[in-house]
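Let me begin by presenting the structure, written as structure tokens, before commenting on it.
No lab work stands behind these numbers, since they all come straight from the coordinates. Note that the structure is a prediction, hence the values are computed from the model and not measured. Please note: Cβ atoms are built from the backbone with ideal geometry, for glycine as well, and neighbour counts cover all protein chains shown.
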Amino acid sequence: MVDSHCHLQHERFDGDRDAVIERAADAGIERILVPGWDIASSEAALALAGRHGPLVQAAVGVHPHYAAATDAAGWQTLEGLARDPACVAIGEIGLDFFRNLSPPDAQRGAFDRQLTLADAVGLPVLVHDRDAHEEVTAALLGRDGRRGGVLHAFSGDAAMATALRSLGFVVSFALPVAFRSAIGPREAARAVAADGYLVETDAPYLGADREARNEPTTALRVAVEVGRLRGIDPSRVAGEVRATFGRLFAA
């Protein structure tokens, strides 16, 4: 099994991080991809990969919430981090027009800058998309021939997933795919090809209890739900996800 998106460097894991990682390994999770959301968390992701690899792998990037707060020195540092041999992806990057914690134009600039960085270093991207389906799709479709990546905590629909699959993008489902209100993601979970999806937790976020901390073992619950939607056994989901993860991140 794989957790393709988990913020293990988050402060909510400071008290028992090693125990969380051990529980994940004991549950059969073979890879946990830890993305950054700013410069400090990207550095922390690489440090975790250094201590816990190959189980833990790292991505570096600036989340749209932090786009406006990243200065020239920060962008220069990120370029160096992206060339670290332990870095397997650029992320978490993208657009968030729901909260707009950075102005939309700052988000667009940061997204474009990091897509260009990903092209330069030859790495896939981990894309955050909230209330920005059309712009995210257009931005990615405009970079034909690149390395692709993951639409994390996918909230689009089957049409979006299909359009971006042709460019090497896959969709990643988190626990909200179990909600009946998640019409688009549930439709996509049924429709995508066996090599077109991943599962994740987005821990410490997106757990079953909004107030409680999520952790990587929840990926098993996500696999069960995706299997139910696809009409296949969770063990088959695990195998398909593991193969796709390995193809994208050479893991």
Gain upon complete extension [Phe179, Arg242; 0.36 nm per residue less C-alpha separation]: 20.3 nm
Calculated on alpha-carbon atoms, Rg and Dmax of the chain in Å: 16.5, 49
Residues whose placed amide H lies under 5 Å from that of Phe169, excluding near-sequence neighbours: Gly149
Nonlocal amide H pairs with Ala132, under 5 Å, H built at 1.01 Å: Phe97
Long-range amide H partners of Gly91 with built H, under 5 Å: Gly36, Val60, Gly61, Leu126
Spacing of the two label points (7 Å from each Cα toward its C-beta) at Asp195 and Ala250, in nm: 1.8
R0 of 25 Å, Cβ-Cβ distance Arg143-Arg23: FRET efficiency to nearest 0.05: 0.10
Ala47 paired with Glu11, simple spin-label distance in nm, labels 7 Å along Cα-to-beta-carbon: 1.5
In Hz, Karplus ³J(HN,Hα) per residue of region 101-106 (6.51, -1.76, 1.60; θ = phi - 60°; x = Gly, Pro): 6, 10, x, x, 5, 5
³J(HN,Hα), Karplus 6.51/-1.76/1.60, whole Hz, each residue of region 116-122, x for Gly, Pro: 5, 4, 4, 4, 5, 9, x
CD proxy at 222 nm, helix term only [per DSSP H run n ≥ 4: -39500 (n - 2.57); per residue of the chain; nearest 500]: -13000 deg cm²/dmol
Lys, Arg +1 and Asp, Glu -1 on Cβ, resulting dipole of region 2-249 about Cα centre, debye, nearest 20: 660
Relative contact order (%) - criterion: Cα under 8 Å, at least six apart; region: region 115-251: 19
